[in-house]
1. 7 Å from Cα along Cα→Cβ at both GLU121 and ARG107: what's the point-to-point distance in nm?
2. Looking at the P(r) of region 10-50, how many percent of alpha-carbon pairs lie beyond 12 Å?
3. Under 1.5 on a/c is rounded, so check that first for region 66-162, then, if it is not, pick prolate when a/b is larger than b/c and oblate when it is not; a ≥ b ≥ c are the square roots of the alpha carbon gyration tensor eigenvalues.
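A short reminder: the numbers here are calculations on the coordinates, not readings from a lab. Computed from a predicted structure; not experimentally measured. Here the Cβ positions follow ideal geometry from the backbone for every residue, glycine too, while neighbour counts run over all protein chains shown.
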Amino acid sequence: MTTPEPKPAGRARHALARARKGRARTRRVLLRTTFLTGLGVIGFFALFWRPSSPGPGGREIDAGAPELAGAAEPRAPVVTLRGGRVLLDGVDVGTTEPIAQSGRLTRLDGLYQALRRRWIERDRHERAVVLDVAADVPAIVVKSAFQTAAFAGYTDVSFALGDASVP
C-alpha cells in the first residue's frame, strides 16, 4: 500500500496555489490572444480579398484579347520592330539602323520618350509592354528595345514573333 503524499504546509501551500493561478492566467491570456489574432487575420482577408469576376458570358477576362480589351484593363503598349523602324501602337517613334550598323547596345530615345510619356499620362501602375519582333530583326536591336522599355519603367516584357515580310 502506498502512503499519500503529505500536503505542503503554510508557505509552500501558498506558493503552490499562486503558481497554479499564474499558469491558469497565462493559459487564458494565450487562448484569448490566439483567438483575437485569428479573428484579425480573418477580418483582414474579408476586407481586402476581392474575387476575380468573370467577364461577359461567364468567361475570364483576358486584357490581351481584342474582343474584351475595352471591358477589361487597358491593353499593354505594343512595340513593333520591323524594317528598321520602331513603332509604338502603330505610331513611328524611331529607327533601328544605327544600332544594327554599330552592333552596340543603345537606348532608343524616341521609344523611351514615347513610353515614358504614356506611362505618366495614363497609368503609373502599368508595367507590361509587348515587343512584336519580326524574325529578321538583329538580336542587338531586340535587346536595345527590351532595355529601353525597362529604363522607361516597363518591367514586364512579353514577346510576339511577327512576320518578317510585313513592313
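1. Going by the 7 Å Cα→Cβ label model, 2.0 nm.
2. That fraction is 68 percent.
3. The shape class here is prolate.
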